[in-house]
Each structure stands twice: as structure tokens, then as C-alpha cells.
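In what follows, a structure is listed as C-alpha cells, so that the remarks can point back to it.
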Amino acid sequence: DVQLLASGGGLVQPGGSLRVSCAASGFSVVNHALSWVRQTPGQGLEWVSTLSGGSGPTWYADSVQGRFTISRDISENSLYLQMNRLRAEDTAIYYCAKTRGVAGIPGAPRAFDIWGHGTRVTVSS
Amino acid sequence: DIQMTQSPSSVSASVGDRVTITCRASQGVGSWLAWYQQKPGIAPRLLIYGASSLESGVPSRFSGSGSGTYFTLTISSLQPEDFATYYCQQSGSFPRTFGQGTKVEVK
């Protein structure tokens, strides 16, 4: 089965740091772009960051640029989001998501076909 | 950034009804448009990708159409398990953006 399992959320003070993780199974994290999407309780979905498959670029929402870093560990087959200088407005459920198409194939679907269950991050003093 | 606007924000419907949700993009996104279903406390589920391609395992009562700036999601005959919130999302460019969601409620 193709799955994503998110972990690492918790309570952190404003200005603090936290790293959330997403363990992948059933596929290689190198072969697909992977993303983080967050959702404030009761609100809509907000894209946060994407790590391209292979050796491609990374992308960030303006709201997190310079504070968050997306990365992957091939040996662990996992995706990470390092969050620094956290703010109250970063409080949300963070989902990891896999892009449907295989990286490097022109025209491959870009939709998010597999989502992790989400991990809750609360930024509060 | 490309803004995605869904309408309506909510719709009240009965089992068996035909429901159509629209999504407009502030700039053309080609066919790089996906639809997701989300139920409370659960991660979103991909329904439609490429504007009109049905994801594997998704019932055929769901269909998508459109290109460029105007898209629709149609549920041909609403079932009890379809009461949920639906989101469109463009992947034509970064930043990826979602619509604000449409809640399908029991009438």
C-alpha cells in the first residue's frame, strides 16, 4: 500500500522551532514531488511547500519563505519540514502529500493523490 | 498568485440530487486543476485530476470539466457519503492555491 505517516507535531512557543516528519511507504520519495499543506482548524487548505522529485527545486509559500525548510532523507524514505521562528498564525494541522505523477515525465499529473493523516502544530505561549 | 474562487460556499441538497460546484481561476491554469473531498477530521481525498480525469476508486457519479479559468465538479446523484467539503486546487504554477471550499450539507 502507498501510504504517508506524519508525525512530530506538538506545542511550541512563539519564536521556537519544530520539525515534522512524514514516513513514506509503497513508493520512493525520490520519484515523486512531495508537499506540505496546512489547515487551520475549521478553515481551508493552504499549500506550504513542495520538494520536487529527483534533484529538482523547492518551493515555498511567501508566508513561510525563509523560516521553513523542506527536505527528504532517501535512506529513511521520509519527508521533513523544519519550522523555525514559529508564529501563532502557523498553528494548523500539517499534511504531507504525494504528487500523483512520476517526477521528470512531462505532463505527468500534479495533483496530490496520497495524503498523510496530518500532524497538529500549536504555536502558543 | 493565482486566486481560486469556488461557488457556492455551501449547498443544501438531498440524496439523489444533482450537485454542481464551480471553480474560477484568476488566470488560466490549462487543465492543471484538481478536486478534493474532505470530511471532518480526515485528510483530503483526491477525486479528479487534470480537470476531468477520475481518480482510481472514485465513484463514477463524480465528474469534472473545464479548462483555462472555469471548472466544474458535478455529483450526478448525491449519496449519503458525499456530504462533505469540496476543494478545487490549481497546479499550473507556484504557489499552488486552493479554493475556499464548498460544503455540501443535508437539506
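Computed from the coordinates by the stated procedures, all read-outs in this text should not be read as laboratory data. The structure presented is a predicted model; accordingly, all values stated were derived computationally and were not measured. Neighbour counts run over all protein chains shown; Cβ positions are idealised from the backbone, glycine included.
Applying D = kT/(6 pi eta Rh) to the protein assembly as shown, where Rh is the Kirkwood radius over alpha-carbon pairs, T corresponds to 20 °C and eta to 1.002 mPa s, the Stokes-Einstein value obtained is 119 µm²/s. With a cut-off of 15 Å, note down the residues of segment B:75-90 whose backbone N falls inside the zone around a label point 7 Å from the Cα of residue B:107 toward its beta carbon. Residues passing the 15 Å test: B:75-80, B:83.
For segment B:1-19 versus segment A:51-119, the inter-centroid distance based on Cα atoms is 28 Å. The ranking of B:33, B:54, B:73, A:86 from fewest to most other beta carbons within 10 Å of each one's beta carbon is B:54, A:86, B:73, B:33.
Normalised by the number of residues in chain A, the average gap of Cα pairs under 8 Å and 6 or more apart makes the relative contact order 35 percent.
Counted over chain B, the DSSP beta bridges are approximately 90% antiparallel.
What does the charge add up to near residue B:2, with Lys and Arg as +1, Asp and Glu as -1, over the other residues with Cβ less than 13 Å from its Cβ? In short, +1. Cross-link partners for residue B:103 among the aspartates and glutamates, with Cα-Cα distance under 14 Å and sequence neighbours closer than 8 places in the same chain left out: B:81, B:82. Give the distance, in whole Å, between the Cα centre of segment B:85-106 and the Cα centre of segment B:52-79. Each part reduced to its Cα centre gives a spacing of 13 Å. Counting beta carbons within 10 Å around each of A:1, B:1 and listing the fewest first gives the order A:1, B:1. Remark on residue B:84: its backbone amide H falls under 5 Å from those of B:104, a criterion applied only to residues 5 or more positions apart or on other chains, H modelled at 1.01 Å from N.
Take each peptide in A:88-99, A:11-22, count the other Cβ atoms within 10 Å of every residue, and average; sorted highest first, the result is A:88-99, A:11-22. Panel order for A:47, A:36, A:59, by other beta carbons found within 10 Å of each beta carbon, from fewest to most: A:59, A:47, A:36.
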